[in-house]
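Shown next, in structure tokens, is the structure this report addresses.
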Amino acid sequence: MRVPYRAIVTPGRENNELLPLIIFLHGDWQDGTDNQSQLAGYGNGSMQLIDQAISASVPLVYIAPQTTDAYWPPARVAAVVRDAVKRFPIDPRRVILTGISDGATGAWDALKTWPACFAAAVPMSGMTETSGLAPIVDVPQWIFHGGKDNDTDIETGYGGAMVGSRAVVRALRAMGATPRYTEYPEEEHVIWHRAYATPGLLGWMLGQRLRGRACDFSDYTRR
């Protein structure tokens, strides 16, 4: 599977060190195959992470892939990781997922599929099913949502099996997880520029790493 993506490597790498990888999953209105739309609106604010890294002289790899059909199949996310690890000096124990709206749902789906392979996740304005959360209780997560979301309801999502972030956080905590959670009571769906500018967010993301062995990303899409 070949997936279009844009990659940016911030400067500062020394002594052949391996770098953390941040993968940004866009929302459905940026679907396509032009390999450009996913960066609209400064990557919906996610590229602020690049600016922060450059300002702090922190080397990292930022990748923004593109999908179609308003959905992020886990295998598509895996294919991006697999290709990126081949092309860039990435530490496979420090792969962090973040996404907005459908991209947040995609991040959760990827975590559920490979719960031992991602160092952390930062889903924003997303939804997911509470089934399948148990395997990811130990994955560090910082979840963001607007209290008056006018697209993905913070509690009920779209009214089906997938629920919004507040309900997801409640379910995770009931299982013993300790996710960070930021809710903007008066905000609607589009919170991302504000959220990605959160003080300490980048540092938190880059501070996460797998406790166990790194996954063999070359085998990802075989599962």
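The values are calculated or read from the model by the stated rules, or taken from the named source; none is laboratory data. In this text the structure is predicted, and so the values were computed from the model without any measurement. Positions of Cβ are backbone-derived with ideal geometry, glycine not excepted, and every protein chain shown enters the neighbour counts.
Taking the criterion of being farther than 23 Å from V85 by Cα and either of a type in the set (S, T, N, Q) or touching a residue at least 60 places away in the same chain (Cβ under 8 Å) (or both), the residues of the stretch 106-137 that qualify are M124, S125, T128, T130, S131.
Within the stretch 5-24, residues that are acidic (D, E) reach partners that are part of a loop (DSSP other than H, G, I, E, B) with beta carbons closer than 9 Å, at six or more positions or on different chains, in the pairs E14/P59; E17/P59; E17/P89.
All of G99, G32, G103 fail the test of being buried (at least 24 other Cβ atoms within 10 Å of the Cβ), outside any helix (DSSP H, G or I) and not basic (K, R), apart from G99. When D109, D28 are checked against the criterion of being over 22 Å from G200 (Cβ atoms) and modelled with pLDDT of 95 or more, D109 stands alone in meeting it.
Which residue is farthest from H193 (Cα to Cα), if the candidates are limited to the stretch 83-102 and must be among the charged types (D, E, K, R) and under 16 Å from the mean Cα position of the chain (by Cα)?
The selected residue is R93.
Please go through the stretch 36-78 and give me each residue that is among the hydroxyl-bearing types (S, T, Y), surrounded by fewer than 18 Cβ atoms within 10 Å (Cβ to Cβ), part of a loop (DSSP other than H, G, I, E, B) and modelled with pLDDT of 95 or more, ordered by number.
The first filter runs over the stretch 36-78 and keeps only residues among the hydroxyl-bearing types (S, T, Y), leaving 37, 42, 46, 55, 57, 62, 67-68, 71.
Add one more test, that the residue is surrounded by fewer than 18 Cβ atoms within 10 Å (Cβ to Cβ), and what stays is 37, 42, 55, 57, 68, 71.
Narrowing further to those that are part of a loop (DSSP other than H, G, I, E, B): 57, 68, 71.
Across the stretch 36-78, the qualifying residue is only S57.
Regarding D91, is this residue in contact (Cβ under 8 Å) with a residue 60 or more places away in the chain, acidic (D, E) and in a strand (DSSP E or B)? Criteria met by D91.
Within the stretch 113-151, being in a loop (DSSP other than H, G, I, E, B), of a type in the set (V, I, T), within 22 Å of A78 (Cβ to Cβ) and in contact with a strand residue (DSSP E or B) (Cβ under 8 Å, 6 or more places away or on another chain) holds for one residue alone: V139. Here F88 fits the description: more than 30 Å from G176 (Cβ to Cβ) and among the aromatic types (F, W, Y).
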